[in-house]
Amino acid sequence: MHSNDVQELLDRAAITDVLYRIARAMDSKDWELLAAGYTEDAQGDYVNAAADGRAEIVKGTRAFLGSLDATHHAVHNIEVSIDGDTATTHATMTAQHVRGGEQFLLGGTYDDTFRRTEQGWQISNRRIRGLWSTGDPTVLTVPVS
């Protein structure tokens, strides 16, 4: 095995870890851990929203998920393509959302662009697409404060 092959395996593992940490951050409501997964200038294109910059991504995610009783985000079938200090991933996902005994389950995809930074691999662009759902979509309604 060549050193480039070893580095690619290390990069793939690091990128995959970012995807898993972001899922864990959303479910544990660890907003600092969530922020660490994104570049300062990251862009987000979500099912029904967009975000410009890491701070806005964290703020929007916190507003969207913070009031739920529980969530469970699972990332599956991760494909990684690395080109120097940038990478792209395509992954399928399921996201369970619970509020007041009602549930909403979403299945879809994450398409991410990563950039190698001084902090390691971070997402610079995330596109989330919903492909199917079941349950009560009003679970996702953000309460007005």
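Data for the structure
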item	result
Whole-Hz ³J(HN,Hα) from phi, Karplus 6.51 cos²θ - 1.76 cosθ + 1.60, for segment 43-50, glycine and proline x	10, x, 10, 9, 3, 10, 7, 9
Segment Val6-Asp83, extension gain: residue separation times 0.36 nm, minus the distance between their alpha carbons	26.3 nm
Reported label for calculated Rg and Dmax of the Cα atoms in Å given (i) 15.6, 57; (ii) 18.3, 72; (iii) 21.5, 86	(i)
Lys59 paired with Lys29, simple spin-label distance in nm, labels 7 Å along Cα-to-beta-carbon	2.0 nm
Charge dipole of segment 1-131 about the Cα centre (unit charges at C-beta), most positive-ward option of Gly101, Ile57, Ile128	Gly101
Inter-label distance, nm, simple model (7 Å from Cα along the C-beta direction), Ala50/Thr138	3.0 nm
Rounded to 10°, Cα long-axis angle of helix 54-65 versus longest principal axis of the chain	40 degrees
Student exercise, the chain dipole from Lys, Arg, Asp, Glu Cβ charges, in Debye to nearest 20	380 debye
Stretch gain in nm, segment Arg127-Leu105, where the contour uses 0.36 nm per residue and the Cα spacing is subtracted	6.1 nm
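FYI, it's all coordinate maths here, none of it is from the lab. Because the structure is predicted, anything quoted here is derived from the model rather than measured. All Cβ positions, even for glycine, are placed from backbone atoms using ideal geometry, and neighbour counts span all protein chains on display.
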